[in-house]
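For reference, the structure discussed in these notes is given below.
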Amino acid sequence: EMENVMRALISVYDKAGITEFAKKLEILGVQIISTRGTFSVLESAGIKVTEVSEITGFPECLEGRVKTLHPKIHAGILARRDATEHMDFLSENSIDTIDIVVVNLYPFKQTILREDATLAEAIENIDIGGPTMLRSAAKNYGDVSVIVDPDDYPAVLEELKINGKVSIETNFRLAAKVFIHTSHYDALIAGYLKNKAEIADFPQTLTLTYEKVQDLRYGENPHQTAAFYKEIGNVGGCMTGIKQLHGMELSFNNINDAHGALELMKEFDEPTFIACKHANPCGVGSADNIYDAFMKAYSADPVSIFGGVLIANREIDEPTAQEINKISLVEIVLAPSFDEKALEILMKKKNIRLLTLEGISDKRSKNEVDIKKVSGGLLIQKIDIGVYDDCDLKFVTERRPNEKELVDLLFSMKIVKHTKSNSIVIGKDKQSVGIGIGQMNRISACRQAIGFGEAYLGQSFLKSAVLASDAFFPFPDCVEAANEAGITAIVQPGGSKKDQASIDACNKFGMAMVFTGKRHFRH
Ligand code: 93A
């Protein structure tokens, strides 16, 4: 008779929904065993429940650190019901099988996310007995149902009610969920301790802990499925700190483009406006106020801005909103804030997404890594921090750049750093004049930048503009093209065997050139 009785071990930190679930199990004739806290909750709800310590004959001890870590519990879970030896051992030692394991774990993640959490608190919230039971039950999924996710309570009840048992398919699915859960739980512990122990940034094996923010409608293209995940614990993580005030849900491309725009914006402190397309900047302007900055970014390339992502590091005011409103299609406007009038104007557009992020420049990344998926692996590197940082600027030509040229050289280098390589950026008066992106050779990027400048601002505008290159010049051809366009100063990393040819060309044309010694590829 005893053979047919099912036993459930319920040991949950989060008690939500547990009495309802246990009550229904009880009605189905399932015997319930619980650890102290869970026992109290169930007992006071009038459910018949046995304490684990009564089963083990051993008290819960060490302030609860040892509650269920006992062979009577684990043999009851792990015994293979089809193995005579196993079952004989159980009866010889008066151990009952445990057929259902319901466990959720100490809140390790919630603990470490609390700013004031101490190391000791984090350690105390490492659950040992819980994962051990979950893993035992999941390993023995052939005979045991294991529930770590309260969302699975109803499905298990339903099967028990209809069939008197849980199907092997369901048990297998539940087991897989357990190992996803416990491996993530352990990875969180590992990540936390890796930081505390200051273990190298690129350890021998790597387990990343991300959490889904949302499924996306689709990926880069409509036939690709996609989801957005956030890093757990990265409170400074910009993309997940953004608030949306208006418009449709962000798409995969929106998130990618906004990320590109934001990373560039972090280089600027003064009022700056950036227009981005396909994660590359197409117009950038810095000025005393955000309206003038917008006008510079817009006039730099009034064509590419269509369907673009616009980002400002100051509040969007009414005049700026009116100008933005004239562009027939804008995907996103991202700013620290919008004034009331600006919001009113822009909210009339159905297809625009309005986003806020406070203190954009304060969010400058320091220690983050950049991860690229390649077939069969990951490439991980420290992000490219700073523009001239740690650079020993070398003035390599007869003429040194003047004050104004120096300002524009730095401005242009900031932009070229955040464009797909190979790239060339021409700038003047803190306005991007031409942005040449993603070319397979440098002279094409240079010609493209000059071409954009001539097309939208006019040939004469390039007079006394400056040029920045993300990597060195292998030939003097870019210097020659720049001179022909009227450009007077150049900044580049230097380091080519043929640097001298470019320096000679500059001297011949009376141009100034600066070497930074720091390359900014971004592929
Ligand atoms: O401290 S533990 O690692 N040692 C154990 O033996 C043990 N057994 C269950 N934590 C243990 N648990 C955990 O206690 C469960 O994972 C669950 O989160 C919690 C339930 O305790 P209570 O029923 O006393 O509230």
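The values are calculated or read from the model by the stated rules, or taken from the named source; none is laboratory data. Being a predicted model, the structure only gives us computed values, none of them experimental. Ideal geometry is used to build each Cβ from the backbone, glycine not excepted, and the neighbour counts take in all protein chains shown. Please note that ligands, DNA and RNA were not included when accessible areas were found on the heavy atoms of the full protein model with its side chains. Shrake-Rupley method; radii C 1.70, N 1.55, O 1.52, S 1.80 Å.
Tabulated values for the structure
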quantity	calculated
Boolean, Glu63 is open to solvent by 40 Å² or more (accessible area, probe 1.4 Å), in a helix (DSSP H, G or I) and either of a type in the set (Phe, Trp, Tyr) or closer than 18 Å to Leu105 by Cα (or both)	yes
Options Ile332, Ile352, Ile327; residue that is without any contact (Cβ under 8 Å) to a residue 60 or more places away in the chain and under 21 Å from Met248 (Cα atoms)	Ile327
Residue in the stretch 94-112 that is part of a loop (DSSP other than H, G, I, E, B), open to solvent by 60 Å² or more (accessible area, probe 1.4 Å), away from the ligand (no atom under 14 Å from the Cβ) and more than 16 Å from Leu9 (Cβ to Cβ) present	yes
The stretch 448-492, residues that are open to solvent by less than 10 Å² (accessible area, probe 1.4 Å) and hydroxyl-bearing (Ser, Thr, Tyr)	Ser469
Unmet requirement for Ile55, which otherwise passes all of (1) farther than 29 Å from Ala120 by Cα; (2) within 13 Å of the ligand (Cβ to nearest atom); (3) in contact with a Ser or Thr (Cβ under 9 Å, 6 or more places away or on another chain)	(3)
Of all residues in the stretch 66-93 being loosely packed, with under 12 Cβ neighbours inside 10 Å and assigned to a loop (DSSP other than H, G, I, E, B), the one that is farthest from the chain's Cα centre (by Cα)	Asn93
Within the stretch 179-197, considering residues that are of a type in the set (A, V, I, L, M, F, W, C) and either assigned to a helix (DSSP H, G or I) or touching a strand residue (DSSP E or B) at 6+ places or on another chain (Cβ under 6 Å) (or both), the one farthest from Leu113 (Cα to Cα)	Phe179
Close pairs from the stretch 103-118: first under 28 Å from Ala137 (Cα atoms), partner open to solvent by 70 Å² or more (accessible area, probe 1.4 Å) and among the hydroxyl-bearing types (Ser, Thr, Tyr), Cβ under 9 Å, at least 6 apart	Val103/Tyr13; Asn104/Tyr13; Leu105/Tyr13; Tyr106/Tyr13; Pro107/Tyr13
Every residue from the stretch 198-223 that is in contact (Cβ under 8 Å) with a residue 12 or more places away in the chain, polar (S, T, N, Q) and part of a loop (DSSP other than H, G, I, E, B)	Thr207, Thr209
